[in-house]
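K.L.:
Shown below is the structure under consideration.
Just so it is clear, none of the values below were taken in a lab; they were calculated from the coordinates. Because the structure is predicted, anything quoted here is derived from the model rather than measured. As a convention, Cβ positions derive from the backbone with ideal geometry for all residues, glycine included, and neighbour counts pool all protein chains shown.
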Amino acid sequence: MAEEKPEKPSTVDFAREITSKLGGETITYCYQCGTCASSCPVAKTTDRYNPRQILRLALLGQRGEVLTEDAIWLCASCYNCQERCPQKVEIADVIYALRNIAISEGNIPAIYTEFATGLMSEGRIVPISKFLEKKRADYGLPPLKPTGIEALKKILSATGFDKIMFKKGESQ
Ligand code: SF4
Ligand code: SF4
């Protein structure tokens, strides 16, 4: 017998799902005034990001769009919006809750998978470039070598970080 797939949440279910997550509790207080968008430094620089719009889509149950588009990853976590929201919506924390749901389903931007790969293989998220190696040598500094990787791998494995980050790749 074919295995039944769990149904995706409906409009109301998605709001409930978000409020059940750490950080997502206040999303339903939003009355779409737009104060967050006008306070947001990221929204000032790109049309691709608008916190009010993300909350609106989420409250309308646009689960797929919210979780798979890159908008939720553009928040800089400056908390400007959160300080100013008249409804005390914890907007930056709601964005974290949305990211956590997205990650749990394998929706992770490639750049973060690259960071995780670097963390697991070299113990740092940004690889040391030839340019930096040369600069260090010019200043008389020793070359940087991967350190503590085994300990790091144990921590990442014990916390489930490795499985969560590479979930998408594993299932393909
Ligand atoms: S400032 Fe608060 S109430 Fe206004 S749109 Fe943003 S989250 Fe909603
Ligand atoms: S926390 Fe995110 S959404 Fe809020 S103002 Fe800063 S960048 Fe914009």
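K.L.:
With springs connecting C-alpha atoms under 10 Å apart, model the chain as a Gaussian network and identify which of I95, I103, I149 has the largest mean-square fluctuation.
P.N.:
Looking only at I95, I103, I149, the biggest GNM fluctuation is shown by I149.
K.L.:
Here's another thing I want to ask about it. No other cysteine beta carbon under 4.7 Å away is the test; run it over the chain and list who passes.
P.N.:
Cys with no partner Cβ under 4.7 Å: C30, C33, C40, C75, C78, C85.
K.L.:
Quote the charge dipole size of the chain about the Cα centre in Debye, to the nearest 20; the model charges only the Cβ of Lys and Arg (+1) and of Asp and Glu (-1).
P.N.:
That gives a dipole near 540 debye.
K.L.:
Also, I was wondering about something else. Compute the distribution of all C-alpha to C-alpha distances in segment 11-104, in bins of 10 Å from 0, and list the percent of pairs in each, rounded to whole numbers.
P.N.:
Going from the shortest bin to the longest, the percentages are 18, 58, 24, 0.
K.L.:
Which loop trypsin sites (Lys or Arg not before Pro) in segment 83-142, with loop taken from DSSP, have no more than 11 other Cβ atoms within 10 angstrom of their Cβ? Before the final figure, lay out the partial values.
P.N.:
Values: sites: R84, K88, R99, R124, K130, K134, K135, R136; in loops: K88, R124.
Counting only loop positions with at most 11 other Cβ atoms within 10 Å, the trypsin sites (Lys or Arg not before Pro) in segment 83-142 are K88.
K.L.:
Let me ask something additional. Tell me, which longest segment in the chain has none of the GluC sites (Glu not before Pro) that fall in DSSP loops with at most 16 further Cβ atoms within 10 Å?
P.N.:
The longest uninterrupted stretch comes out as 106-172.
K.L.:
For the chain, the longest stretch holding no chymotrypsin sites (Phe, Trp or Tyr not before Pro) located in a DSSP loop with at most 15 other Cβ atoms within 10 Å is which?
P.N.:
Excluding the exposed sites themselves, the longest stretch runs over 80-138.
K.L.:
Also: Run the simple label-point estimate for Y112 and L141 please: 7 Å along Cα→C-beta, distance reported in nm.
P.N.:
In this crude label model, Y112 to L141 measures out at 2.9 nm.
K.L.:
Just grab the label-to-label distance for K153 and I103, each label 7 Å out from Cα along the Cβ direction, in nm (one decimal).
P.N.:
Simple spin-label model gives 2.2 nm for this pair.
K.L.:
Modelling each spin label as a point 7 Å along the Cα-to-Cβ direction, I'd like the T68/K44 distance in nm, to one decimal.
P.N.:
Each label point is offset 7 Å from its Cα along the Cβ direction, giving 3.4 nm.
K.L.:
Take the residue pairs K88/K154; K145/K167; K88/K167; K88/K163; K21/K167 and return only those whose Cα atoms are more than 31 Å apart.
P.N.:
Result: K88/K154; K88/K167; K88/K163 exceed 31 Å.
K.L.:
Along the charge dipole of the chain, pointing to its positive end and built from +1/-1 on Cβ of Lys, Arg, Asp and Glu, which listed residue (A151, T26, I95) has its Cα farthest out?
P.N.:
So the residue furthest toward the plus end is A151.
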